[in-house]
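All remarks here apply to the structure that follows.
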Amino acid sequence: MVVEHLATTLAISSAIVILIRTLAVSHFDEQTTLVVLSSSDLASLIIGSVALLLPLVVPMALVMAETSPISRTGSPLVWGPVIGVVATLVIVLAPVIQVVSTFLGVVLGLIVIRRRTRGPTSMPPDRYSLSQLVLPALVGFNVIFLITYPTPWLPAERITVNGQPTSGYVLGSSGGWTTVLTDPDRNILRVRDDAITARELCNPSQRTDWDDTLAVLLARVGGRQGIIRSTCPR
């Protein structure tokens, strides 16, 4: 029952995240959002959007473990391996800014729990459990993050069309035409495949260290700079 509840919650959350993410990368323009949804590869859209839910899975698993009958009977829990795997994926895939926001949500929830369950007028601990305080705080922090995080799930590219370079994100190709979400203005550009003379990966001009994952930052601390790419044209 607990696993089914968690799976249902993640499925609904995934659909909401995909919609919010698409709106955010389209700068909340309805027409651009529709083109992005219709032109994007479904697999990359799901993976790129749902990956931002990973920081929520660890605390959600803790919530489920805390409120499940299994934890109350003292039987061994199965959440340890799940938390370990997801924590590893968070380090590899989640942007640093979201990891920080999730951490702040956990800390805030734990502080409130501790204050509410101490003192002569404190309420019973189960009235202020993780499921009542920490999880809402996490959802709030992550919703704010999703709304204000406009970086698409696709790599930025320098695309040369008839000798003129432009930067953007290639949404897909069909019928001899390629659909590009331009950057930073986020307009839709459709060009014939034979008009594209070059495509090269580049770093968005507005990208910061907060957009990198913990794995990338740890690699830099260890002296590994990775692949150096030029900045995308504006």
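A few remarks follow.
- Scanning the stretch 185-213 for residues that are in contact with a Phe, Trp or Tyr (Cβ under 9 Å, 6 or more places away or on another chain) and among the hydrophobic types (A, V, I, L, M, F, W, C) yields a single hit, V191.
- Flag: A65 matches the condition of being at pLDDT below 90, in contact with a Ser or Thr (Cβ under 7 Å, 6 or more places away or on another chain) and buried (at least 17 other Cβ atoms within 10 Å of the Cβ).
- Residues that are more than 21 Å from the chain's Cα centre (by Cα), over 22 Å from D29 (Cβ atoms), assigned to a loop (DSSP other than H, G, I, E, B) and of a type outside the set (A, V, I, L, M, F, W, C) are absent from the stretch 181-200 altogether.
The values are calculated or read from the model by the stated rules, or taken from the named source; none is laboratory data. Note that the structure is a prediction, hence the values are computed from the model and not measured. Heads up, the Cβs are rebuilt from the backbone with ideal geometry, glycines too, and the neighbour counts pull from every protein chain shown.
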